[in-house]
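Where a number appears in this text, it was derived from the coordinates with a stated rule and is not lab data. Given the structure is predicted, the values throughout are model-derived calculations rather than measurements. Cβ: placed from backbone, ideal geometry, glycine included. Neighbour counts: every protein chain shown.
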Amino acid sequence: MPPESGNPPLVRQPGRLVSFSDAVFAIAVTLLVLEIQPPRDFGHLLPGLGGLWPSYLAYALSFLLIGQVWVNHHVMFDRVRHVDRAVLFLNTLLLMVIAFLPFSTSLLADALRAGQGLRTAVVGYGCTLWTAAALFNLIWAYLGRAELLEPGLGPFGVRAIRRRFALALLWIGSGTLVGAFVPIAGVAIIAGFLPAYYLPIRGEYGEQDAATDRPG
């Protein structure tokens, strides 16, 4: 006799989501280098290569930022038991923003090289990153409300990761705002965001990890 409750609910494991996301991250960082066009005047190759410094700067910044997003994406989904359609949709929006970043990077590099439109380019670049940060916060908040996180993470880890993701909104938002008035300062603030976000999050491995940081 079939069970009265009917078919069991479909449980989607996060593995395919993470694999697809990794592929998009890989494509995005590959597209970054394709935006750097070699100089055409090979009679003055060295000066021409030196003149590409805005492209090198924008490439390095965006590559490290996408790498940072990739690291924290794993921090988030390493603690997820399973996903539902809402998580798949929100993650798709996040990937859409990441895939847009090579365009924002190219715009920033071209504005640096031309010395014009830099405020607009920095604000556009910052808004792209801020949107990605906002989606991170939205996904994490939904995972917690929908009880899709592993119980072993514990409330300490949930709060620690939430604080780290929330800080990104303030940090990138500040850099974007400053960039609207002093573009180079805005880029510097956004770049300063990199070292902090590559550091591990205390408590991200669960209660046992958090306990090692508590006084005996």
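Some points to look at:
- Computed from phi, the 3J(HN,Hα) profile of segment 36-41 under the Karplus parametrisation 6.51, -1.76, 1.60 (θ = phi - 60°) reads 8, 9, x, x, 8, 8 Hz, with x in place of Gly and Pro.
- Using θ = phi - 60° and Karplus 6.51 cos²θ - 1.76 cosθ + 1.60, couplings along segment 72-80 (whole Hz; Gly, Pro as x): 6, 5, 5, 4, 6, 7, 5, 9, 9
- Longest DSSP-loop-exposure-free segment, GluC sites (Glu not before Pro), the chain, at most 12 other Cβ within 10 Å: 5-146
- Here the translational diffusion coefficient of segment 29-134 follows from Stokes-Einstein with Rh set to the Kirkwood radius across Cα pairs; for 10 °C and 1.306 mPa s it amounts to 103 µm²/s.
- Scattering curve values for segment 18-91, log₁₀ I(q)/I(0), Debye with Cα scatterers, q = 0.20 Å⁻¹: -0.88
- With only Cα atoms counted, segment 82-133 has Rg and Dmax values of 14.1, 48 Å.
- Each listed q (0.10, 0.12, 0.13 Å⁻¹) maps to a log10 I(q)/I(0) for segment 15-211, found by the Debye formula over equal Cα scatterers with no solvent: -0.45, -0.63, -0.72.
- Coil-residue trypsin sites (Lys or Arg not before Pro) of segment 51-89, DSSP, other Cβ within 10 Å capped at 16: Arg81
- Summarising the amide proton neighbourhood of Arg81: residues at separation of 5 or more, or on other chains, whose placed amide H is nearer than 5 Å comprise Leu149, Glu150.
- Placing +1 on the Cβ of every Lys and Arg and -1 on the Cβ of every Asp and Glu, with no other charges, gives segment 15-211 a dipole of roughly 320 debye about its Cα centre.
- In sequence order, segment 138-150 has phi-based couplings of 5, 5, 5, 5, 5, 4, x, 5, 7, 6, 9, 7, 5 Hz under the Karplus curve 6.51 cos²θ - 1.76 cosθ + 1.60, θ = phi - 60°, and Gly or Pro positions carry x.
- All C-alpha to C-alpha distances of segment 83-184, sorted into 10 Å bins beginning at zero, yield P(r) values of 15, 36, 29, 15, 5, 0 percent in whole numbers.
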